[in-house]
1. Let me test this: with uniform point scatterers at the alpha carbons of region 3-126, what is the Debye-based log₁₀ I(q)/I(0) at q = 0.13, 0.20 1/Å?
2. So for each of 107-113, 259-265 I average, over its residues, the number of other beta carbons within 10 Å; can you give me the resulting order with the highest mean first?
3. If packing is taken as the average count of other Cβ atoms within 10 Å, what order do 333-343, 76-86 fall into, highest mean first?
4. With r as the distance between the Cβ atoms of residue 368 and residue 427 and R0 = 41 Å, compute the FRET efficiency 1/(1 + (r/R0)^6) and round to 0.05.
5. Could you check the spin-label model distance between residue 68 and residue 402? Points 7 Å from the Cα along Cα→Cβ, value in nm.
6. Ranked highest first by average number of other Cβ atoms within 10 Å, how do 92-103, 296-307, 40-51 line up?
7. Could you grab the relative contact order for region 3-126? Cα pairs under 8 Å, six or more apart, rounded to a whole percent.
8. Grab the Cα-Cα distance for residue 7 and residue 333, subtract it from 0.36 nm times how many residues apart they are, and report the gain in nm with one decimal.
Amino acid sequence: MPVNRVRGPLAEEGDFEGRFTRESGSLVLDLKTPDTLKSGKITYDTPQGGRVSFGVSEKTVREVILEKPSPDIVLEPGTVKDASNKIIDGVVKLVPLGLTLYVSNRGVSKGRGERALSSGDLARALRKSFLFGNGFENERRAEDTPDPLIKSYVGNLEGEGIINPAKKLLFYLYEMTDLVMNGVDWITDFKKEETRLILDIMDGPLESQIAWIKSLSSLLPVPEPLRAYIQTLKDYLATDWGIGNNLVQEVMRELDQKGPIEDAIAFVHSGATAPLLKALQQKPYDIQTVLIYEGPYPDYGEKILNPNLERIIHVMGTGSPPEGDAYVPFLGKAEFKGVHPDFETINIEIRGAFHSDFSYNPNDYADHTDWNEEKAERQRINRKVNLFMRDLYEATYKDQTEPGRLKDFFDTLIERNAAEKVNGIWKIDSDNLRDIHLP
């Protein structure tokens, strides 16, 4: 009997291949949880109101029909349709998904001359998730509200049609704590020997005090009249002081609540890096790529055991505190290892970039009192780095469905004299990056 499965903007209708599960030591066909569409129709509604459908038989996509045109469904010049808007021959681009489909009398594929596109591969591409995690906060912000830097960057990607707004997922960290307590929260979760020195510098006895406060959990169970007070104190210390808060569990809780996570690309800034990567160690979230902007980590040579993770990209700047940049400890060249057979780590270093330059806010430069060339150059670098990070995100994301897009991105930078690879690190010359006026 035909089944109709709807997941957000994606609808699959028809006959499905059953999924096998293990029960009491035996493999059992689970007819209640269908897997791959064998025959029928897949429909996708785009963020800008378009609709495209795909005819499926024998688990293979046979046809593409443009049911409702929209700006985010692009047909390349020369594409041929019939009276029913079925694509006969040509190229269809689903812009929010970074997905390009080639249609001919031989079928539908993701590249010229490639094998026919399966219904399973198409459904995975249409379900892609976009994850974003924020770093430390200079000021407190309300619980479960977006970090301004991440919010601006995500807005850039949405505005350019790079990501599907319906599939974005922001996980919020460090909301109620200020910068110092952000550090305490991170240190007490990802402590190395070096962090003891930081605590000693701050205040020699502080480490033992923190340990005592965290040990409050061992006081439970306590007499019923005191239990609520102890729990309230623990919650306050975790939320407002970062003491006793488990960042990894916080990330996992948000991902589990806001999911599902499917074929995802994750962008993390600064202090969100370690919590996310450690979460990937504990649970096999379906995240293919992690794009990091200046993300401190306890061990950059660690082996990430998540079988879905194929690539980690770590971007750093060369800005320093004497130049006005933030001091960020535990930054270094990423040399992660993975279990996926195609796993790779890519390091990028941008000359002159500061810790938060992935995000650009023109209001930060609105006051031209005592304006000089140094401040103008700082604005130019911030703007160029923001544009670079948009382009890098797009190339990284599209490379998941169209292998070779990331290589093309670096080749273009080389042609522009904006990049060269030195000792395994892509060195980016910010002077030669593209620049446009940003409102």
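Laboratory data are not the source of any read-out in this text; all were calculated from the coordinates shown. Just so you know, these numbers come straight off a predicted model, no measurement behind them. Every residue, glycine as well, gets a Cβ built from its backbone with ideal geometry; the counts of neighbours run over all protein chains shown.
1. -0.53, -1.10
2. Working: 107-113: 14.6, 259-265: 19.1.
Highest-to-lowest ranking by the protection proxy: 259-265, 107-113.
3. Working: 333-343: 14.8, 76-86: 10.9.
Averaged packing, sorted descending, gives the order 333-343, 76-86.
4. On the way: r = 32 Å, r/R0 = 0.79.
Computed FRET efficiency for residue 427 and residue 368 comes out at 0.80.
5. Once both label points are built, they end up 2.5 nm from each other.
6. 92-103, 40-51, 296-307
7. On the way: 273 pairs, mean separation 21.3, N = 124.
Over region 3-126, the number comes to 17 percent.
8. Details: separation 326, 0.36 × 326 = 117.36 nm, distance 3.91 nm.
Extra length available between residue 7 and residue 333 comes to 113.5 nm.
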